[in-house]
1. Lysines near residue A:106 by alpha-carbon distance under 26 Å, same-chain residues fewer than 8 away left out - which ones?
2. Suppose only helical runs count, i.e. DSSP H with n ≥ 4. What mean residue ellipticity at 222 nm does that imply for chain A under -39500 (n - 2.57) per run, divided by all residues and rounded to the nearest 500 deg cm²/dmol?
3. Taking the Cβ-Cβ separation of residue A:719 and residue A:553 as r and a Förster radius of 56 Å, what is the calculated FRET efficiency to the nearest 0.05?
4. When you look at the Cβ of every residue in A:603-615, what mean number of other chain Cβ atoms sits within 10 Å?
5. Going Cα to Cα from residue B:114, which lysines come in below 18 Å? Please leave out same-chain ones fewer than 8 positions away.
6. Largest first, how would B:46, A:561, A:304 line up by accessible area (1.4 Å probe)?
7. If I take R0 = 30 Å and measure r between the Cβ atoms of residue A:657 and residue A:750 in this structure, what FRET efficiency does the formula 1/(1 + (r/R0)^6) give, to the nearest 0.05?
8. Taking the simple approach of a point 7 Å from Cα along Cα-to-Cβ for both residue B:123 and residue A:434, what is their distance in nm?
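The values are calculated or read from the model by the stated rules, or taken from the named source; none is laboratory data. For clarity, every value in this text was computed on a predicted model and none was experimentally measured. Please note: Cβ atoms are built from the backbone with ideal geometry, for glycine as well, and neighbour counts cover all protein chains shown. Just so you know, the surface numbers come from the protein's heavy atoms only, side chains and all, with ligands and any DNA or RNA stripped out. Shrake-Rupley method; radii C 1.70, N 1.55, O 1.52, S 1.80 Å.
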Amino acid sequence: MHESPPYQQLFEASPHPYLILRPNDDFTIVAVNEKYLKATDTQRQHIVGRGLFEIFPDNPLQAANHGAADLRASLNRVLSDKHPDVMSVQQYDIPLRDNSGRFELKYWSPVNTPVLDATGNVIYIIHHVEDVTEFILSRERGSRHNDDHPLGKITTGAERMEANILQRAAEVKKGISTLFLERQRTREQLLESERRFQATFEQAAVGIAILSLEGRWLQVNQTLCEIVGYTSHELMSMSFMDITYADDLEVDLGLLRQMLSGEMSTYAREKRYVRKDSSVLWVGLTVSLVQKTDHSPDYFIAIIQNIQARKETEGHLNEAKRIAHFGHWRWNLNTREHSWSDEIYQIYGRPLELPPADEQEVSRYFTAESWKMLIATAEKCRHEGVAYQCDAEIVRSDGNYGWIIVRGEAVRDAGGHIVALQGTVQDITERKQAEVALQHNKEQLRLFIDYAPASLAMFDRNMRYLACSQRWRSDYALGDDEVIGVRHYDVFPDISQQWKDIHQRCLAGEVIRNDEDRFERADGTVMWLRWEVRPWLVDATVGGIVIFTEDITPQKHAEEILQQLNLTLEQRIAERTAELKALNQSLESFVYSVSHDLKAPLRGVEGYSRLLEEDYRDRLDDEGRLFISNIRAGVTRMNELIDDLLAYSRMERRTIESNVLDVAQLIHQAVTECSASVMPDAIEIIADVPSIKVQGDREGLALVIRNLLENAIKFSLHAIHPCIEFDVYQAGERVVMKIHDNGIGFDMKYAERIFEIFERLHRLEDYPGTGIGLALVKKALQRMNGRVWVQSAPGQGATFYIELPLAQVTSNDKRAQKIS
Amino acid sequence: MSADLPILLIEDNPLDVDLTLRAFQRCELANPIVVARDGEEALAWIPRWEAGETLPVLILLDLNMPRIDGLTVLRTLKAHAVLRCIPIVVLTTSEEERDIQCAYESGANSYIAKPVGFDHFVDVARHIELYWCVINKLPG
């Protein structure tokens, strides 16, 4: 609490005379100081409580005296204007207190000052006067002297002098009234200013208030009333503490104390009020301390602004930032200080209670590559003021990777120097992951298209290439030309209208294809294409088309050739058959000529050697006869060769019949034939075989068995006990006949060769033969759908096997069997 | 008896002609042998026969001959109204079934493969002459 200054003493000790008047009709004197009492030669008890004009009436002797009226007018002006009123110098004679009824001449310079209460009402008027009598009188004397009026002359007659003084007073009054008019104007200006201020105060869009040093509302405007919901009357009985939100009060009180202690003269902050309806409201508050002339605190002026909407927006913005993972940072280049919004902490995974990380720490939040890039762009921004934006990959404290987008710009001072960088950081990990996935997909798609084993290309709506396969490039001879982004029609300026129409139709949503399309190239060559054009869709709208083509010219040619082949096949078969027939005929005629042309001269040699032998035997010596004998042996051998060769060729081309044959019967027949001709008696033949029927050619099988038998006889002839054994058995649907001899045998390495024509293993003189017999056996069996093979070893004899199909017993055969 | 009637031998190969003549000589039978050296020469006999020349008791015909072969001669004679009665024995080297078949179809009266062995051939010649010139009866 401040001690009230000793106003009474100040009042009494003042060197100037004072009266304090009540603003009533009489202007009752409520107080007077010693100086006034002295100057007016009055007693306090005579004047306090009495009306001013009762104490100081007009001097009745002075007709021209308007002093009292002037004073009253001044006092009334003070009451109405509530402003100090300076009066012109007044002659106001003071009654002499010697009870003589005379007046003492006095000139006064009065000032009347209102004292207003809180509501602006005049509660007192301070009437203050200066005794300027001496001053006026000395001026009067000086002026006379200048006008060559002898001073003595003036002062001689009292009456005259009095008149002069009055005249002077009137003149002074006239000069002063000029001054007065100026003051009046100033006062009006002040009033105007004040009215304007009042209007501003009341009509201001912001709340304005004057508060006492204790925080009580002294004056509030309408806007503030609207902000807080109280009437001004209600507010006047309250302090700001009553409506301040509890959490904000502490700070307010602290700030007020700082102001009162002179640490600062003004402050601004955002705080909350509790409105009359209990709702909480954000306000922006600016408080200034108004000091008295002696610099002691007088009162507070507060400007209050409703910032609830902004706060809400800010709140929304913060919420948005939080949701968007959108943070703000600022880097003061001078202080090297960083400031981060909460979101940045969250993005980097740094605890909120820590200060922003230093550069070294921040570098660890990024992959090396991203950090390098960030530093480079930030440096550029710092030196050249280039704003930047880049994606960077971060490594969070939990080891997970993420992506952020960093934006930055330079902050310049008034001189244009870059003093700070500021910007934003946004977590775009999710989007980036989607992008990467998309990129990955795109890459896969690109690879797929690139290496597709088909000729395909993708276009946008303007027929610009989006992608094409390597096959496409090679099929259309694009080489390494960059076509992506280029219009198809610029790549192929000669493309036909027909194709363009197809493209347009597909861009309108159609799918068009052709499995076989014939194209004639510029050089006249014909090309066959299989193609398909179809639109590709993005969200159900056509994004472009895909063209797929396949050069089927080779297939087409092959098809054509095949068709041609089919057409000519019958003819070709006929031709080939005819050729074969001709060939066969020529072969037959060859064999025929061999048999005829070789036998004819042979017959000559035989005939004449025989004639020579018979008719000239006696005329030849022994040697001559030996020669004839050798000639005839050669003829015999030659005849055998020709006969075997004829038999072999006949077997090759004769018509094979399919008879049901009893192998046992054929064996017995062969044994009988051989016994009659070539069979030596010493050979034992065992042919006790079961009767099994086979399917075959009678003559062929007989030839086979006879040849094998003769073969067996020939090679077993020199054995001690020559023995040939037949066996026949059935093996499934086949029948096997086996003929075993105990002859000389042979090495199995010749097992195949012995069946070849003209192949012989022995000298002619040891084992005669043409080398055709076994070849004939093999040929005959081949033609009868059978086969032959042999098992042997040198000195161990040989076993020949033949195999033929089992006879198919038909009803006719059965009947034949019954009959027989 | 037709012992004095000629046998016509149609054979192009001179060795065969000679050997055939020798073989028939060895048979000691009487019929003379007239030789035509190819098909043309053989067919040239037709107008002479038609003109009244003595017809042969037997024709021995080789098949493989230059210019006009044996089968053509055979068919021509067998197509002749009068001459078709002359017995024709095909005497050839071929033993081909096809040749045999063709010969008979064309009207051959017999088919004999010439054996390579001369002794055998003499035996065959004897049989031929005996049968066709002695045993066999011809229309008057």
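1. The reachable lysines, counting only those whose Cα sits under 26 Å from residue A:106, are A:35, A:38, A:153, A:173, A:174.
2. -14500 deg cm²/dmol
3. 0.15
4. 5
5. Filter leaves A:599.
6. A:561, B:46, A:304
7. Efficiency, from the Cβ-Cβ distance: 0.35.
8. 11.6 nm
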